[in-house]
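See below for the structure under consideration.
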Amino acid sequence: MILLMGPTASGKSALALSLADALGGEIVTVDSAQVYRGMDVGTAKPDEATRARVPHHLIDLIAPTEAYSAARFCTDARVAVEGIRARGRVPILAGGTMLYFKAWSEGLSALPRADAATRAVIDAEATARGWPAMHAELARVDPATAARLRPNDAQRIQRALEVARLTGRTMASLQGQRAPADASASIRIALMPRDRARLHRDIAARFDAMLAAGLVDELASLRQRHALDRAMPSMRCVGYRQAWAFLEGEVDRDGLRESGIAATRQLARRQLTWLRATPAQAFDPWEPDLSARVLSLLQHGSPVR
């Protein structure tokens, strides 16, 4: 099994396709946004021709009104991996949702499942008081978790408060022994850009391409077809959150572009922070003959010199 990790806009998809072609593989997408049906442009979802060329799994699983979790990812990915192996092919888990990689490799803690009623209460309180106030509440009941979260990190503050209200305990106290979703041997490949300026340029070009491809129109259509609100996990995804603000008249087109690029850079920064602490074979995504070097590692145990 191959785990292919990297920040957004680092070329993971292209490398995964190249490896799948060379090794007879199928791709299991490790992406918390590509699970949503209809969210194609803003998630850089592979098109039909690409998916016909190489099978992709864990794409278009749920409606944007639904929620997905690391626990469900592990369940769905295990089924996909077993099917790939049964066909005599190589599973390639590729993407940028680091929480899912962590859950797959290290296992899940004994945290309670999401509770819709509790989340609705927390969201209502946040609407009335603001997320910084909810962060202050979290600091009283779970100071360790609050200390590592930004005051406007709505999704993580909501989850930590939900856990505290459901169990009366902190997140850390519930994180005990973990069993990995799949304990079999795997090779971890991490794309680690050395040229941060180039990554930033590629991020800007990627977001511009999404805008040109109709990101705003895609979101407008989704809002017509589904009972969406901006607090839903799907609408918190980078790109959609900024496009929502544009449709609400809170930012102009320039503001949409600037905020979208800035949010994508922040996402890449978080991904790289996680990767630096993760044991993996690291490659610069722009080094010459990247695919050949990674294949050499997979087939012979060391990259081509």
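Here, each number is a calculation from the coordinates, and none is a lab measurement. Please read all numbers here as calculations on a predicted model, not as lab measurements. Heads up, the Cβs are rebuilt from the backbone with ideal geometry, glycines too, and the neighbour counts pull from every protein chain shown.
Across the chain, the longest run free of exposed loop sites, meaning GluC sites (Glu not before Pro) lying outside DSSP classes H, G, I, E and B with no more than 12 other Cβ atoms within 10 Å, spans 1-247. Students often get this wrong, so try it: which of (i) 32, 24, 19; (ii) 30, 26, 24; (iii) 36, 21, 16 is semi-axes √(5λ) of the Cα gyration tensor in Å as calculated from the structure shown? Calculated semi-axes √(5λ) of the Cα gyration tensor in Å: the matching label is (i).
Extension gain, Ala213 to Ala86: 0.36 nm times the residue separation minus the Cα-Cα distance gives 41.9 nm.
Taking a sphere under 13 Å around the Cβ of Ala120 and counting the other residues whose Cβ falls inside, with K and R at +1 and D and E at -1, yields a net charge of -3.
Taking a point 7 Å from the Cα of His300 along the Cα-to-Cβ direction, none of the residues of the range 88-108 has its backbone N closer than 11 Å to it. Which shape class, rounded, prolate or oblate, goes with the range 166-261 when its Cα gyration tensor gives a ≥ b ≥ c as root eigenvalues, a/c under 1.5 marks rounded, and past that a/b bigger than b/c marks prolate? Oblate, because a/c is 1.5 or more while a/b does not exceed b/c. Return, ordered by residue number, the residues of the range 115-153 whose backbone nitrogen is under 13 Å from a label point located 7 Å along Cα→Cβ of Ala67. Correct set: 115-124. Starting from the Cα gyration tensor of the range 116-174, take the square roots of the eigenvalues, sort them a ≥ b ≥ c, and report rounded, prolate or oblate (rounded when a/c is under 1.5, otherwise prolate if a/b is larger than b/c, else oblate). Oblate, because a/c is 1.5 or more while a/b does not exceed b/c. Along the axis of the charge dipole computed for the chain (Cβ charges of +1 for Lys and Arg, -1 for Asp and Glu, origin at the Cα centre), the listed residues Leu23, Ala124, Phe207 are led at the positive end by Leu23. Among the trypsin sites (Lys or Arg not before Pro) found in the range 76-140, those both in a DSSP coil and sparsely packed, with 12 or fewer other Cβ atoms within 10 Å of their Cβ, are Arg87, Arg113. Under the combined filter of DSSP loop state and at most 16 neighbouring Cβ atoms within 10 Å, the range 230-288 retains these trypsin sites (Lys or Arg not before Pro): Arg230.
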